[in-house]
Structures are given as C-alpha cells and as structure tokens.
Amino acid sequence: MNKINGKTKLIGFFGSTYKSSKMYKLYNTAFEALDLNYCYVPCAVDDLEKAFSGVLHLGFRAIGVSFPYKESIIPYLDELEPEAAAIGAVNVVTHQNGKLIGGMTDGLGAVCALEEVVKIDGSTVVVLGAGGAAKAIAYELSKHHCSLKILNRTIEKARDFAQKIDAQSNGYDILPQVVQQADILINATSVGMYPDAGACLVDESLMSSKITVMDIIGKPHETELLKRAKRAGSKVIYADRMLLHQAIVKFKYYTGVDAPIAVMEKVMQDMRE
Ligand code: ATR
C-alpha cells in the first residue's frame, strides 16, 4: 500500500466502470515502484459539475476520464489541448494553477502499440469506424507520413472528421480493395465486441502476412477479426497492448515521470489471469 500523508497527490478516475475497473492497481503499483507520493482513486460521480468543483477545491492533480463523461465534461473545463479540441472528447484532465485542462491521449497509446511492431511512416493505414476511439487514433496517425483511410458505416461521420485531418473517407463498399492494399488495419468499431463476439467486418481472404491488424475491442481478448487475421498469417495486436500503452502515456501525463513499463506490464498480465 502506498504511504498516504498530507502531501499525497491525488489522481481521480471518473467513469461508469469506477467500481469494476482494476486500473487503480496498475497506477498505484507503478507509483509505489517509483516511490512517488501519488494515489489513484476511482470516484463515484453523481453530479459532474459539482465533482469538478471538488477536483479544484480538494486539489486533485488530475482526473482520468472515461465513458460516459468524455464529451459531457468539456463545458466544465478551462482549456482543451489540440487533440481533445480536434476530437471533441477528453480522457485526461489536469489541474494546473487553478485551471482545468482537458487532453486526449488514447490515440497516442494506440499508436505506440502499433509502433512496437510496424513502421507507420510510409504505410497505408485503414481505420474502421468514426466514433470517439477511431477519431483519437486517426488524429494521432495523421501526425505521421502515412496514407490514412477512414471507413465507416455512417459515411458522413467519417467524411467530416477525415476532412479535418487530410485523410480519405468511405463507406464499407470499398473495404475489400482498401484492406488488400493496406499495411495496417485497425478495427475501431464495436463490431465483434462481447456478447456479439462472432461478428466481423473483414473477410479472412482479404488479409495476409503483409498486413498488421489491431483491434481495440478488449472483450473477447481475441476477437473474430484477430482470429481471422492470425489464420491469414497477419501480425496481430491485441487491445490490451493498446491499453498498456495508453496507461504508460497517462502515467507520464499525471506525474511528469517516465512510467515503469515492466512493472505495469506485469500488473496488466496479472489482471488478465
Ligand atoms: P467509441 O467512443 O467507443 O468509438 P462510438 O462513438 O459509439 O464508440 O462509435 C462506435 C463505432 O462503431 C462507430 O464507428 C459505429 O459506426 P456508425 O458511426 O455508423 O454508427 C461503429 N459501429 C457500431 N455498430 C456497428 C455495426 N453493426 N456495423 C458497422 N459499424 C458499427
């Protein structure tokens, strides 16, 4: 247990999964490993506006934000970082000199997970989906020199966002062609998520050893898409690798210190078992 005293810096978590999420274990073990006087606390929020007044008046250092508050918290913040402003969603809030500043680091975590196994610069990347997660990932990818294609069921959503980041956008009618030409494929839709785990937008025959496939769905661990990709000989990246990197990025954001990656990796592994 971390040593708690009057100098302990508090990091809160606001999200509907505050009772079930085990991320507090990840952060608190990492703080302890580096002997940092921080404590990560999941918070039961019943009134978002008052909760943010609490953040200011209780001196919380930062808040990790998840569903359903990623968009609804924006009116209570003083400033948004460029990623959060472009995507229209926030996953971290820092308290700096009496101001609440919203950031969005989900995309960076996903891109770090990709970069472990594949070179993004010079590649053709297909993102399936145009919801919050897809936008965060596509925005971060757009900082790289890659050809970026966003496909979504609701074409207008893909088109509006793609225009902002200089990406191409389409519906799923052209999915077979673009997937066959892609180096990287990312499923950022909810298709294939438990309990509808058999669902998948991509035929196995479209994938090969040439492509790296990442799925942001964590439940099930191995989605139907990743099963098909593996059978086709593709490299696959599981969602928990993305979650680990998202946590590593947030740790630095919260503390200003590089995360103890091996420690966090071990906790993530223990949480899965
Ligand atoms: P998140 O914040 O997790 O990204 P979201 O904003 O609700 O969640 O986005 C869900 C994504 O999954 C969207 O791209 C959605 O497509 P639409 O924009 O057309 O709704 C996609 N999605 C959900 N169910 C789908 C389905 N049955 N077929 C295809 N796409 C689907």
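The values are calculated or read from the model by the stated rules, or taken from the named source; none is laboratory data. Not measured: the values here are computed from a predicted model. All Cβ positions, even for glycine, are placed from backbone atoms using ideal geometry, and neighbour counts span all protein chains on display.
Of all residues in the stretch 162-181, none satisfies being more than 21 Å from Leu114 (Cα to Cα), assigned by the TED database to the domain that holds Ala89 and in contact with a strand residue (DSSP E or B) (Cβ under 6 Å, 6 or more places away or on another chain). In the stretch 250-269, how many are surrounded by 12 or more Cβ atoms within 10 Å (Cβ to Cβ) and of a type in the set (Asp, Glu)? Of the residues in that region, 1 qualify. So which residues in the stretch 203-216 are within 13 Å of the ligand (Cβ to nearest atom) and either out of contact with any helix residue (DSSP H, G or I) (no Cβ under 6 Å at 6 or more places or on another chain) or of a type outside the set (A, V, I, L, M, F, W, C) (or both), if there are any at all? Passing the criteria: only Asp215. A count restricted to the stretch 205-225 and to residues that are in a helix (DSSP H, G or I) and closer than 20 Å to Arg153 by Cα stands at 3.
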